[in-house]
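The values are calculated or read from the model by the stated rules, or taken from the named source; none is laboratory data. The model shown is predicted, which means the values in this text are computed figures rather than measured ones. With ideal geometry, Cβ positions are generated from the backbone for all residues, glycine too; neighbour counts draw on all protein chains shown. Ligands, DNA and RNA are excluded from the accessible area calculation, which covers all protein heavy atoms including side chains. Shrake-Rupley method; radii C 1.70, N 1.55, O 1.52, S 1.80 Å.
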Amino acid sequence: MSPSARLNRISTWLHKWIGLVVAVQVVFWVLGGLIMVALPIERVRGEHRAAELEPAALDVASAVSLDQAVAAAGGQAIQATLAATPRGAVWTVTPPEGAPVRLSAGSGRPLPPMEPDEASRLAALQYAGPGQPVGSELLPQAPRETGREGPLWRVDFDDPESTRFYLDPETGAVVSRRSDLWSFFDLMWRLHILDFDTGENINSWWLLLIAGVTVVLVVTGLILLWIRIGRDIQARRRRVSASEDAAAAP
């Protein structure tokens, strides 16, 4: 067997079987890329469901003083901020150690726990769309899709996208907006990067393996193309030579 024939045989075998292995992933790469380009990222993030609320006036005169807030939080602080939230003005006091402490700026006391009705009402105030709240639940641990940690309130809406708002359990502010569209986008993204754990690792060994194998697929395809072009050129030369010989014959 000539070297050219041996190269053609090996390249054909590799190209065929590697193509079968990576074909599905290549489809996901192409399809996922198309979906990620076609879907507006603002819609995927649910930004079109965020109501445009005017900033609430912050009544500093009626709020407890900074010293009172720090004293109520434990007596020491490296940072303290006063801000308007859906549940009113809130002091956030950050101690030298431990988690920040949030206090009602009106009373100087910790914010009372939210009830389901209040969570639904605050979510509806921050929602823009045709849906209505159909359920609220306090989750002890934030779902992975939120990208957050700790407890969150989840409020579901009955709109076509099955929008769900995640609220801060103390302030009632929406910290994350998700929907079925986001879940579909997230699935396509994970299939695209082959990371089904966090969806953030773009250097997973699965991705590197498939990408490397795909390079072999492309190289063997180029080899087969080169061999095919060479054969076509030789066949054409033989036809031209045969035509010339026939024309020269008496």
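Data overview
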read-out: When residues of the stretch 132-148 are limited to those that are of a type in the set (D, E, K, R) and more than 16 Å from ASP197 (Cβ to Cβ), the one nearest to the chain's Cα centre (by Cα); value: ARG148
read-out: Pick from the stretch 141-173, criterion of a type outside the set (Ser, Thr, Tyr) and assigned to a helix (DSSP H, G or I), ranking: surrounded by the fewest Cβ atoms within 10 Å (Cβ to Cβ); value: ARG144
read-out: Filter pass, VAL218 being β-branched (Val, Ile, Thr) and more than 21 Å from the chain's Cα centre (by Cα); value: yes
read-out: Subset tally (residues that are free of Cβ contacts under 8 Å to residues at least 60 places away in the same chain and either surrounded by 14 or more Cβ atoms within 10 Å (Cβ to Cβ) or in a helix (DSSP H, G or I) (or both)) for the stretch 26-53; value: 7
read-out: LEU66 vs. criteria aliphatic (A, V, I, L, M), in contact with a Phe, Trp or Tyr (Cβ under 9 Å, 6 or more places away or on another chain) and open to solvent by 80 Å² or more (accessible area, probe 1.4 Å); value: yes
read-out: One residue from ALA72, ALA63, ALA56 being touching a residue at least 24 places away in the same chain (Cβ under 8 Å), more than 25 Å from TRP182 (Cβ to Cβ), in a helix (DSSP H, G or I) and touching a strand residue (DSSP E or B) at 6+ places or on another chain (Cβ under 7 Å); value: ALA72
read-out: Subset of the stretch 185-197 (residues that are in a helix (DSSP H, G or I), free of Cβ contacts under 8 Å to residues at least 40 places away in the same chain and open to solvent by 30 Å² or more (accessible area, probe 1.4 Å)); value: LEU187
read-out: Filter result for ALA56 (surrounded by fewer than 11 Cβ atoms within 10 Å (Cβ to Cβ) and out of contact with any helix residue (DSSP H, G or I) (no Cβ under 7 Å at 6 or more places or on another chain)); value: no
read-out: Residue in the stretch 84-140 that is surrounded by the most Cβ atoms within 10 Å (Cβ to Cβ), counting only those that are under 18 Å from PRO55 (Cβ atoms) and of a type in the set (Val, Ile, Thr); value: VAL90
